[in-house]
């Protein structure tokens with residue numbers, strides 16, 4: 001299983017926004033610089049996060065982005081779902097894939113259990129958790 005680059009950069013983008021809680025938010029160019037991303041690629045990330053209702057631009061001409069709710073209320077699953085429709089450790093667990101062995105495969109239960117663990121980890125880890133961990137690493 002591999003998570004998309006958009007999910008990975010989406011999490012990092014959300015961390016940058018969460019760390020800048022001022023009234024002006026953080027500018028897209030500053031996020032791009034701090035995360036070593038092109039502004040053009042970050043446009044796609046920002047767009048998906050806005051559509052998912054996770055961020056909003058601050059009103060005003062020279063304004064940045066802020067979170068729409070506290071970081072403690074935004075899970076890693078919320079961020080992931082802004083980019084991908086779900087989490088499936090193997091294809092046959094996706095509702096869009098028909099598996100001929102569905103219901104007749106003992107290994108499927110193993111994969112389903114693992115899938116639930118991954119989803120639970122994404123659901124119970126908040127943006128605030130990651131921001132606090134990053135602050136520890138940065139010595140704050």
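Can you name the residue in the range 68-106 that is part of a loop (DSSP other than H, G, I, E, B) and under 10 Å from the mean Cα position of the chain (by Cα) and is also surrounded by the fewest Cβ atoms within 10 Å (Cβ to Cβ) among such residues?
Applying the filter and picking the extreme gives 84.
Report whether or not residue 140 is closer than 24 Å to residue 16 by Cα, over 18 Å from the mean Cα position of the chain (by Cα) and assigned to a loop (DSSP other than H, G, I, E, B).
The answer is yes for residue 140.
All but one of (1) modelled with pLDDT of 95 or more; (2) closer than 27 Å to residue 124 by Cβ; (3) not in a loop (DSSP other than H, G, I, E, B) hold for residue 53; which doesn't?
(3)
Please go through the range 1-32 and pick out each residue that is in a helix (DSSP H, G or I), surrounded by fewer than 13 Cβ atoms within 10 Å (Cβ to Cβ) and either on the phi > 0 side of the Ramachandran plot or more than 12 Å from the chain's Cα centre (by Cα) (or both). Write out each step before concluding.
The first filter runs over the range 1-32 and keeps only residues in a helix (DSSP H, G or I), leaving 5-19, 28-32.
If we keep only those that are surrounded by fewer than 13 Cβ atoms within 10 Å (Cβ to Cβ) too, we end up with 5, 29.
Across the range 1-32, the qualifying residue is only 29.
The values are calculated or read from the model by the stated rules, or taken from the named source; none is laboratory data. Please read all numbers here as calculations on a predicted model, not as lab measurements. Here the Cβ is made from the backbone with ideal geometry for all residues, glycine too, and neighbour counts use every protein chain on show.
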